[in-house]
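The values are calculated or read from the model by the stated rules, or taken from the named source; none is laboratory data. Just so it is clear, the structure is predicted and the values come from calculations on it, not from any experiment. All Cβ positions, even for glycine, are placed from backbone atoms using ideal geometry, and neighbour counts span all protein chains on display.
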Amino acid sequence: MDRRRGRAAQGSRGQRGYSFPELLIVIALMGLFILFAGPAMAEAYKAYKVRAVANGLATDIRAQRYNAVSTRTARTMTINNQSHATAPNQYSYPNYKGDTITVRMDGVNIETTSVASITFNINGSTGAAGNSTVLVSAMINSSRNDRYTITVTPTGTVSTAYSTF
């Protein structure tokens, strides 16, 4: 019995934590995860950013239509693309109170717009002869760019489409 107690006491006393080689293996594995997952996470963040900006712009366009119908007044959103001389990559619109809101898109480009402004009439339509489009894009890495196309139909319907190039 003394032998068993002695071994049990010695075994529990000698095992108090992780050995140095075990810690090195864990640190090496963490380093490998960071090495391979780091760039992927950075690309995922950039892709999220361009998607969030495009969704925000589409939401603001829809809000302009809603405000035009609910207040029975025409609402206009001005969109400046990346080649605008003084204020590139931004758009501005009046909020429901009539105050002008300007949104600047850092790190994301408004490539082109078919029109410089989108105006919604009191019935929610644009009154334009054809669709109005806005292209929002960003470079994700050296071989991938994400682009969102926001389309506003003459009836005021707003839709978005995703593509890479």
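Here are the numbers for this structure:
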item	result
Single residue of S125, S137 found to be surrounded by 17 or more Cβ atoms within 10 Å (Cβ to Cβ), in contact (Cβ under 8 Å) with a residue 12 or more places away in the chain and in contact with a Gly (Cβ under 9 Å, 6 or more places away or on another chain)	S125
Selected residue (only one of I101, I25, I79, I34 is in a strand (DSSP E or B) and more than 16 Å from V136 (Cα to Cα))	I101
A85 assigned to a loop (DSSP other than H, G, I, E, B) and without any contact (Cβ under 8 Å) to a residue 24 or more places away in the chain	yes
Matching residues, the stretch 110-131, being assigned to a strand (DSSP E or B) and in contact with a helix residue (DSSP H, G or I) (Cβ under 9 Å, 6 or more places away or on another chain)	I110, I118, T119, F120
Selected residue (criterion: surrounded by the most Cβ atoms within 10 Å (Cβ to Cβ)) from residues of the stretch 75-93 that are of a type outside the set (K, R) and over 23 Å from the mean Cα position of the chain (by Cα)	T76
Residue among Y96, Y162 that alone is part of a loop (DSSP other than H, G, I, E, B) and more than 18 Å from N81 (Cβ to Cβ)	Y96
Any hit, the stretch 99-109, residues being of a type outside the set (S, T, N, Q) and either in contact with a Leu (Cβ under 6 Å, 6 or more places away or on another chain) or buried (at least 16 other Cβ atoms within 10 Å of the Cβ) (or both)	yes
For Y96: the one exception among (1) farther than 25 Å from P39 by Cα; (2) aromatic (F, W, Y); (3) modelled with pLDDT of 95 or more	(3)
Residues that are of a type in the set (D, E, K, R) and under 10 Å from the mean Cα position of the chain (by Cα), drawn from the stretch 19-62	K46, K49, R51
Cβ pairs under 6 Å, 6+ apart, first in the stretch 42-66 and surrounded by 15 or more Cβ atoms within 10 Å (Cβ to Cβ) and modelled with pLDDT of 95 or more, second polar (S, T, N, Q) and outside any helix (DSSP H, G or I)	A58/T160
